[in-house]
Each structure stands twice: as C-alpha cells, then as structure tokens.
Amino acid sequence: MRDGKIVVGYIGNGKATNRYHAPFALALPEMFAIKAIFARHVDHSAWAAIPDVDYVTDIDAVLGDPEIDVIEVTTPSPLHYEMAKKVLLAGKHCVVDKPFAASVAEGEELFDLAAERGVTVQCYQNRRFDSDFLTVKRVLETQRLGKVFEIVTTYDYYRPHMLEGVPYERVGGAVYGHATHSLDQLISLLGIPTRWRSVVRQLQGTGYAVDYFDFDLFYDEIDIRASARANYQMAALRPSFAVYGSKGSFIKFSKDAQERDLKHFYLPAGHDDFGLDLPEEWGTLVWYDDDDQRHEERVETVRSSYCGFYEALYETIAHGAPQLVKPDETLFQLECLEQSTEGLR
C-alpha cells in the first residue's frame with residue numbers, strides 16, 4: 001500500500017476497465033491509486049488515457065511491480081482464467097471480471113492457488129450494488145409482502161441484431177454474460193439453493209450465440225423459488241424485478257441506472273446524481289394490511305454505487321475482512337453456467 005491507499009493494476013484496457021472498473025476506483029481516491037494498465041496495444045482512440053497512469057505493453061511490468069497490491073483482470077472472457085492464474089502466481093490479490101472462469105474445475109484451481117499464495121481472488125460482482133436489487137432487499141425488510149414465495153429477476157433486451165450471426169462460444173452470449181450477475185444477486189440474497197434447473201436457448205438456431213436463459217433456484221427449507229431470466233429478443237420488456245408474497249407484490253420495471261449513465265460517459269466522480277432513478281422509474285408495492293385493506297405505493301429507489309464493491313475490496317485487502325464474493329457462491333454459480341451449456345454447439 002502507498003500512503004494508506006491500495007495500488008491497483010489492470011490487465012486489459014477496453015470497455016470493462018474504462019466503464020465498469022476504473023471509474024469507481026477513481027471515485028475513491030482516499031482508498032485506491034491506479035498505477036498501471038496493461039494492453040497488448042495501447043490505443044486511446046476509444047478510451048481517453050487516465051491521468052498519471054502508466055500504460056504498458058509488457059505484462060510483467062504489472063505482474064512484477066512490487067508496489068501493486070491488486071490486479072484486476074478485464075480481458076475478453078476466454079482469457080480470464082489464464083490471466084488470473086498469472087496474477088496469483090505473481091503473488092498479487094486478484095479481481096476477475098465476469099465470468100470468473102469457464103468451469104468449476106478452473107474456479108477451484110484459482111481459489112486453491114490464492115490460498116496457497118496467501119492472497120485473495122474473487123469475481124467482480126458489482127451488480128450486488130444495483131439500485132433495483134437493493135430496493136428489493138429494502139422492500140423485503142419491511143415484511144409487508146407477508147410470506148414471500150417467488151422472486152424473479154429479468155434482464156431483457158429488444159436487440160434482435162445484438163448477437164445476429166454471432167457464432168456459439170461457451171463463455172460468450174447470455175449465460176456467461178448476464179446470468180453471472182443475475183444468479184449472483186439471488187445467491188447473495190438467499191444463499192445456495194437446495195436444487196436448481198435451467199432452460200438455455202439459441203433463438204437463432206444451433207451454432208449461434210446463446211440469447212435466452214431461464215434459471216430456477218429452489219430453496220425448499222424456506223419454500224421460495226427464485227428465477228433469473230433473459231431474452232435478447234423481447235419487444236415488451238418484463239420487470240427487472242418482481243417479488244410475490246402472501247400479502248403483497250413488488251414490481252420494478254426499470255433496471256439500475258448506473259449503466260445508462262456510464263454509457264454516456266457520465267461518471268460517478270463529481271456527479272451527485274450519478275445513477276439516480278427518476279420518480280417515474282420507481283417500483284410499485286401493492287400490499288394488504290391485517291384488516292385486509294389494500295395499499296398501493298411507489299417505492300423510492302435506493303441510491304447505490306458500484307463503489308460499494310471497491311469499499312469492500314479495500315476492507316479485505318487493507319484490514320483482512322472476509323471478501324465480499326465468497327468462493328462457494330462463485331463455484332455454485334459456475335456449476336449452473338457450466339452444466340446449463342453442456343451439449344450446446
């Protein structure tokens with residue numbers, strides 16, 4: 001650490017680093033200092049250079065830098081396992097963008113290697129800090145829904161040409177892309193389920209990218225079914241979250257607004273309204289009280305920021321706190337991703 005700050009390096013200089021990672025480290029200058037970013041070819045035509053950061057084309061300049069405490073792997077998905085292994089062998093803490101790996105076996109190897117080297121490794125599950133997800137958690141805490149029996153999260157798009165003609169790749173497409181986040185939210189909320197099932201489809205046909213998934217997680221002890229769904233050809237979008245209970249329901253259509261702002265290069269540092277939901281984007285809670293009187297209200301969306309992941313990361317590296325994303329959570333998620341795509345081609 002340097003002056004109480006964790007020193008960060010990145011392997012990769014694309015959208016993941018510049019949109020979903022670095023802006024949140026930069027928003028916490030009292031905790032983090034970005035020192036170096038590795039890319040095979042340094043090019044600032046798509047993403048402006050971050051001031052005071054070294055851009056290097058030799059990966060050993062990052063892996064071998066004694067000042068760097070944690071390295072984040074933000075390369076294309078097929079390279080995550082390979083790059084994470086290099087980071088851990090170098091004795092650095094490691095954060096791996098999703099998907100963490102392609103299989104349970106690869107995930108177990110990375111966790112075992114981290115333990116052997118005395119460092120930490122975890123998946124970058126920033127969407128535990130999605131505002132719609134945190135609003136669901138707050139509604140559940142009110143207990144107005146009564147006995148909750150179903151929770152559904154949906155990540156739909158109407159982008160029929162998004163994956164048009166894109167060939168099948170196991171760690172590409174909807175499952176290893178968005179299901180990693182959706183499943184993690186449910187797992188972080190409810191734990192590892194008793195059992196699960198899935199439907200994964202290639203709507204363009206065999207040989208093309210996965211663009212549809214439907215996972216059901218069953219929590220038999222508490223009698224809850226939690227579902228994660230996505231369809232990239234959905235003209236009428238389903239709610240981002242829907243929660244159903246014996247006394248009420250909560251529905252929120254709009255997704256977390258942070259990604260919307262990031263896509264417009266409207267970054268968290270210096271913008272107090274970053275990721276802020278408008279009132280018309282709030283969810284709706286309908287519930288019945290003990291006198292069987294019906295109530296309906298709009299629920300203000302919880303303010304949130306992906307800085308929450310970095311704040312937790314700081315506590316883990318600087319103070320030894322348990323890491324936010326636990327190995328068993330990631331390994332179960334990898335089991336779902338791996339088994340649901342078996343036999344696809």
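No value in this document is a laboratory result; all are computed from the given coordinates. Source: prediction; values computed, not measured. With ideal geometry, Cβ positions are generated from the backbone for all residues, glycine too; neighbour counts draw on all protein chains shown.
Each other residue within a Cβ distance under 13 Å of HIS295 adds +1 if Lys or Arg and -1 if Asp or Glu, for a net charge of -2.
In a simple Cβ point-charge model (Lys, Arg +1; Asp, Glu -1; nothing else charged), the chain has a dipole of about 600 debye relative to its Cα centre.
With a Förster radius of 25 Å, plug the Cβ-Cβ distance of ASP54 and MET1 into 1/(1 + (r/R0)^6) and report the FRET value to the nearest 0.05.
Efficiency, rounded to the nearest 0.05: 0.90.
Matching the structure-derived Rg and Dmax of the Cα atoms in Å against the labelled list (i) 19.2, 58; (ii) 26.4, 81; (iii) 20.5, 69 gives the label (iii).
Treating r as the C-beta distance of HIS41 and GLU82 and R0 as 22 Å, the FRET efficiency rounds to 0.75. For MET162, neighbours were defined as the other residues whose beta-carbon sits under 13 Å from its Cβ, and their charges (Lys and Arg +1, Asp and Glu -1) total -2.
Among the GluC sites (Glu not before Pro) in the stretch 205-295, which ones are in a DSSP loop with at most 13 other Cβ atoms within 10 Å of the Cβ? Mind listing them?
Listed in order of number, the matching sites are GLU221.
Based on Cα contacts under 8 Å between residues 6+ apart, the chain shows a relative contact order of 18 percent. The angle between the Cα long axis of helix 180-190 and the longest principal axis of the Cα atoms of the chain comes to about 60 degrees, rounded to the nearest 10.
Annotation: extensible slack from ASP220 through ASP289 equals 22.2 nm (criterion: 0.36 nm per residue apart, minus Cα-Cα distance). Using 0.36 nm per residue and subtracting the Cα-Cα separation, the extra length available between HIS161 and GLU141 on full extension is 3.2 nm.
Distance from the C-alpha centroid of the stretch 202-279 to that of the stretch 1-51: 28 Å, rounded to the whole angstrom. The angle between the Cα long axis of helix 80-89 and the main principal axis of the chain comes to about 50°, on a 0 to 90 degree scale. Ranked for footprinting exposure by Cβ neighbours inside 10 Å, fewest first, LYS147, LYS255 give LYS147, LYS255. Remark: THR206, THR330, THR194, THR284 ranked as THR206, THR194, THR284, THR330, counting other beta-carbon atoms within 10 Å and listing the fewest first.
When only Cα pairs below 8 angstrom with a gap of at least 6 residues are kept, the stretch 95-147 shows a relative contact order of 38 percent.
If you stretched the chain out fully between ALA235 and ARG303, how much longer would it get, using 0.36 nm times the residue separation minus the C-alpha to C-alpha distance?
21.6 nm
Measure nothing but the geometry: give the 0 to 90° angle between the long axis through the Cα atoms of 307-319 and the longest principal axis through the Cα atoms of the chain, rounded to 10°. For 307-319 against the chain, the angle is about 50 degrees.
Overall, the anisotropy analysis places the stretch 127-304 in the oblate class: the square-rooted eigenvalues a ≥ b ≥ c of its C-alpha gyration tensor yield a/c not less than 1.5, with a/b not exceeding b/c.
When you restrict to C-alpha pairs under 8 Å that are six or more residues apart and normalise by the size of the stretch 127-304, the relative contact order lands at 28 percent. Restricting the GluC sites (Glu not before Pro) of the stretch 7-113 to loop positions (DSSP other than H, G, I, E, B) with no more than 11 neighbouring Cβ atoms within 10 Å leaves GLU30, GLU67. Cross-link partners of LYS86 among lysines, defined as those whose alpha carbon lies under 27 angstrom from its own and excluding same-chain residues fewer than eight positions apart: LYS5, LYS15, LYS35, LYS98, LYS326.
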